[in-house]
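Novice: This structure is in structure tokens; I'll ask about it shortly.
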Amino acid sequence: MMNCKEATRLMSEGQERKLTTSEKAALSVHTMICRGCRNFSQHMKVLRTMARHFSKAADNNDDGK
């Protein structure tokens with residue numbers, strides 16, 4: 001059974017690379033039973049969305065300097 005440290009590591013790695021099928025399955029099982037890791041996953045999604053929005057806004061406001 002995956003622990004929280006392994007789960008959060010995989011969630012972070014999943015931002016940088018495609019997880020294997022077995023990694024996704026293990027992570028899915030863990031997050032079904034672990035509220036803390038479900039919350040962590042949701043927070044990561046929100047932060048990623050905010051960062052993309054901020055980056056896009058910064059690109060649109062770039063004056064070429």
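The values are calculated or read from the model by the stated rules, or taken from the named source; none is laboratory data. Here the structure is a predicted model, which means the values were calculated and not measured. Note that we place each Cβ from the backbone using ideal geometry, even for glycine, and neighbour counts take in every protein chain shown. The protein model used for the area step is the full one, side chains on, heavy atoms only, and it has no ligands, DNA or RNA in it. Shrake-Rupley method; radii C 1.70, N 1.55, O 1.52, S 1.80 Å.
Novice: Any idea which of GLU23, GLU13 is free of Cβ contacts under 8 Å to residues at least 60 places away in the same chain and in contact with a helix residue (DSSP H, G or I) (Cβ under 7 Å, 6 or more places away or on another chain)?
Specialist: GLU23
Novice: Take the residues of the stretch 1-16 that are within 14 Å of GLY36 (Cβ to Cβ) and in contact with a His (Cβ under 9 Å, 6 or more places away or on another chain): which is least open to solvent (accessible area, probe 1.4 Å)?
Specialist: Filtering the stretch 1-16 for residues that are within 14 Å of GLY36 (Cβ to Cβ) and in contact with a His (Cβ under 9 Å, 6 or more places away or on another chain), the one least open to solvent (accessible area, probe 1.4 Å) comes out as ALA7.
Novice: Follow-up. Can you tell me which residue within the stretch 14-65, out of those that are among the charged types (D, E, K, R) and modelled with pLDDT of 95 or more, is nearest to MET2 (Cα to Cα)?
Specialist: GLU23
Novice: Give the residues of the stretch 17-57 that are more than 12 Å from the chain's Cα centre (by Cα), surrounded by 13 or more Cβ atoms within 10 Å (Cβ to Cβ) and hydroxyl-bearing (Ser, Thr, Tyr), sorted by residue number.
Specialist: Matches in the stretch 17-57: THR31 only.
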